[in-house]
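Contents: one structure, followed by commentary.
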Amino acid sequence: MGTRMRGRNFLLGVNYWPRLTNIRMWRLWDEEAIKGDLDKMRELGLNSLRFFLLAEDFGDEEGDVKREALDKLEAFLAMAEERGLTVFPTLIVGHMSGKNWPIPWDPGCEVYEDAVRDRYVKFVKEVVRRVKKSRAIGGWILSNEITLVREPKSVEAFKRWLKALYEAVKSEDPNRPVSLGDSTSYLSSKLCLKPENVAESVDHFSPHLYLYDLDPVRHTIAYASVIEYCLSLGKPVVLEEFGYPTSLYSEESHARFIKVVLTLAFMLGAKGAFVWCYSDFPREGDEPYLWEPHELTFGLLRANGDEKPAAKAVKEFSEAVEEVGEVERIEREAAIMVPEHLYKDFPFHNLPRLDEGKALVESFVLAKGSSIPVTFVREEEDYGRFKLIIVPSISRLKTVTWRRLMKWVERGGVLYYSNARYLNSPHMSATHMWDELFGVAPGLRAGSPGLPLEPGELRIVEDLGPLRRGDIFTFKVATSLAARGLGVAEYELKDAKLVAVYNSAPSFTRVRRGDGMTVFSAYPLELMLAWDPMPDRVMGGYHLLYQVLADLAGLRPQFTCHDPRVEVEYARVDEGYVVAVINHSYEPVEVTITARSAVEVRWYRWGEVDVRGDRLRVRVGAKSVVLFKAVQ
């Protein structure tokens, strides 16, 4: 996926309600106030925005569009066009900011039922037909989190609704992109919103992300993982919503977070990112702010119009990406395997998807801590372009997938699998190819569900890559993890070679198969880390276990860093590479970046870079970024 993009084409935007009138925008129409907002956006370096057609303001009981509302919409589009802003209208808005607002043509909120679908289609087509000539419109967003208005009874029902609305827009405006406007993320708790289940009826994915984690490193890397996951499906991504209320979080940390996430989106190759939201609101008594005070304070501006530190962060980011020029995403030679049951139901398969998602996040964090350029791959996809495939703490894959992986390994690939066994599903076996693929044999006695996980030490017994005999990695077992029934099975070594033991039990092995190799962990290491709530876990050296995998697979990144708090992302530019050194922790760091050959740094932003041949000494502030252009 060598996609190319110019920095100035990155959609740097906000979700927009006017500062003075908030959700009452269309009823308390104030053109001068809106013009002031749009002028301020340009001043901050923003080039785009997402805005909302509240259903009760725009539609009647039959799904027809109110003429007065359309007139205001045309006026708004003209204001945006005059200022060179690209806008993305959100067409069906029932849910907004903690309240489900009336949808006049669907008072029962049946949404996905055949009886009301035609009215949704009529409304969407009429809006698009009326305003599609506006040059300000960059694309169409179908809804705002429609699954919070009503959750569909099935994935198929949701797909039918989405397809009908997508085709309705395309019938009127076939050339502009269409997105869902709901959080297409592998971390979504709703099966219908897994990216694989919406891919056929969107032109780009639209994650809405408000993630929380006691570990600040894992927290922001998780945002990168969602973007990368969506990109791995071969469609563009716009991070459609992200942010936090400054009534709860400090304005300084809010600014640092926004700059980090914007940098991640740009460096990974996303099409754009929209902060939630433009401004705080002064009208405290309006619904839903009356009972949701945090909804007042997500803005880049305060309620009185003053800039928060986040506004400066956005402006600095805008100036930097303008300078970058055209960038090309690098190819990934490593992939994390996505089990098909993460986004598809199988009969009597009821293991928790939450665990699978947390394992994928943790695996991505470990890979980034090892400077592995990694993406995601699904069971049914082609593995041929990868040198390393990671299957992290996954309960099972399909039988045919293991056979395909076996052939891939024999052709030279390196496969890592960490087994997740659930004691409340004792019949479950992750694979039927233990000996053939991993060189081990099941050792459980008949009828035993397995052994409960216990805290302990993983002790290295073989020198391998960065690991040395006697190295110890400490693992906890969080109460929340034990409560999930996660356990471990016993295995006997056949021709596998022992790399490490866990509390004296064989636990980490490797074996050669054909021209490749498999590495097996009997313990669900990623899940053990994922459920560990302590933020200091990142400095435990666990990323070195993944560095071993990279070494075995012969991966040679252009730029590497050995501090697991720091992510190095890079993309090609005509003269070399643009590199982002991203410190995910809240402590300033000084790190050494190693390049594959000597480099010259042409310019850098937001920190300090000292170059000595192929070594770059980089000083990065707390939860911050250093961006530079390197020529080899």
Problem - Cα-only radius of gyration and Dmax that characterise the stretch 334-553, units Å - result: 15.9, 45
Exercise for the section: For the stretch 491-538, report the convex hull volume of the alpha-carbon atoms normalised per residue, in Å³, without decimals. Expected result: 99
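Excluding residue 220 itself, calculate the net charge of residues whose Cβ lies under 11 Å from the Cβ of residue 220, where each Lys or Arg counts +1 and each Asp or Glu counts -1. Could you put the intermediate results ahead of the total?
Working: positive: 218, 256, 259, 368, 565, 623; negative: 213, 215, 567.
Taking every other residue near residue 220 into account, the sum is +3.
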Problem - Calculated diffusion of the stretch 385-489, Stokes-Einstein form, Kirkwood radius summed over Cα pairs, 10 °C and 1.306 mPa s, µm²/s - result: 101
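Over the chain, what is the relative contact order in percent, taking alpha-carbon pairs closer than 8 angstrom and at least six residues apart?
Values: 1400 pairs, mean separation 74.7, N = 632.
Once divided by the residue count of the chain, the mean separation gives 12 percent.
Antiparallel versus total DSSP beta bridges in the stretch 17-321: what percent is that, nearest 5?
Details: 4 of 22 bridges.
Antiparallel: roughly 20 percent of the beta bridges in the stretch 17-321.
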Practice task
Note down the nm distance, to one decimal, between modelled labels 7 Å out along Cα→Cβ at residue 130 and at residue 28.
Solution key: 2.3
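Could you give the Stokes-Einstein D for the stretch 559-631 in µm² per second, using the C-alpha Kirkwood radius, 20 °C, 1.002 mPa s?
Numbers: Rh = 11.9 Å.
Diffusion coefficient, whole number: 180 µm²/s.
For the stretch 62-204, what does the relative contact order come out to in percent, with C-alpha contacts under 8 Å and a separation of six or more?
Details: 198 pairs, mean separation 37.9, N = 143.
Reported as a whole number, the value is 26 percent.
Which semi-axis lengths, in whole Å and largest first, follow from the square roots of five times the eigenvalues of the Cα gyration tensor of the stretch 17-321? Spell out each step's value before the answer.
Numbers: eigenvalues 152, 111, 71 Å².
Values for the stretch 17-321, descending: 28, 24, 19 Å.
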Handout entry: Net lengthening on full extension, residue 306/residue 446 (0.36 nm per residue, minus Cα-Cα)
Key = 43.5 nm
Problem - Top positive-direction residue, dipole computed over the stretch 334-553 with Cβ charges, set 486, 361, 376 - result: 376
Completion exercise
FRET efficiency (residue 600, residue 35; Cβ distance; R0 41 Å; to 0.05) is 0.35
Problem - Peptides ranked, highest mean first, by Cβ atoms within 10 Å: ranges 119-130, 521-532 - result: 521-532, 119-130
Practice task
Check the straight Cα-Cα distances from residue 133 and name the aspartates and glutamates below 16 Å, setting aside those fewer than 8 residues away within the same chain.
Solution key: 71, 74, 81, 82, 172, 173
Practice task
Post the alpha-carbon centroid distance, the stretch 167-182 to the stretch 347-379, in whole angstrom.
Solution key: 31
Practice task
Using only the alpha carbons of the stretch 77-122, determine the length spanned along each of the three principal axes and report them from longest to shortest in whole angstroms.
Solution key: 41, 26, 14
Handout entry: Distance (nanometres) between label positions extended 7 Å along Cα→Cβ at residue 407 and residue 469
Key = 4.0
Handout entry: Estimated inter-spin distance, residue 151 and residue 75, nm [label 7 Å along Cα→Cβ]
Key = 4.1
Problem - Estimated 222 nm signal from helices in the chain, with DSSP H stretches of n ≥ 4 weighted -39500 (n - 2.57), rounded to 500 - result: -8500 deg cm²/dmol
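Report, in cubic angstrom per residue, the convex hull volume of the C-alpha atoms of the stretch 1-137. Walk me through the numbers before you get to the answer.
Values: hull volume 19.6 nm³, N = 137.
Looking at the stretch 1-137, the number lands at 143 Å³ per residue.
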Problem - Per-pair calculated FRET efficiency, R0 = 45 Å: residue 382 and residue 251 via Cβ, rounded to 0.05 - result: 0.45
Completion exercise
Taking alpha-carbon centroids only, the stretch 246-308 lies from the stretch 540-583 a number of Å equal to 31
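Using only alpha carbon pairs under 8 Å that are at least six residues apart, calculate the relative contact order of the stretch 133-283 and give it in whole percent. Spell out each step's value before the answer.
Working: 203 pairs, mean separation 28.1, N = 151.
Across the stretch 133-283, relative contact order equals 19 percent.
Mind pulling up the Rg/Rh value for the chain? Radius of gyration and Kirkwood radius, both on Cα. The partial results should precede the final answer.
On the way: Rg = 25.4 Å, Rh = 25.8 Å.
With Rh from the inverse mean 1/r over Cα pairs, Rg/Rh is 0.99.
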Practice task
Report the calculated FRET efficiency for residue 622 and residue 574 (r = Cβ-Cβ distance, R0 = 45 Å), to the nearest 0.05.
Solution key: 0.85
Exercise for the section: Report the net charge of residues surrounding residue 474, where surrounding means a beta-carbon distance below 13 angstrom and charges are Lys +1, Arg +1, Asp -1, Glu -1. Expected result: -2
Handout entry: Base-10 log of normalised Debye intensity for the stretch 485-596 (one unit scatterer per alpha-carbon) at q = 0.12, 0.20 Å⁻¹
Key = -0.61, -1.18
Problem - Stretch gain in nm, segment residue 9-residue 340, where the contour uses 0.36 nm per residue and the Cα spacing is subtracted - result: 115.7 nm
Problem - Degrees separating the helix 543-553 axis from the principal Cα axis of the chain, which is the longest one - result: 80
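FYI, it's all coordinate maths here, none of it is from the lab. Computed from a predicted model, the values in this text were never measured in an experiment. Note: ideal-geometry Cβ built from the backbone for every residue, glycine included; neighbour counts use all protein chains shown.
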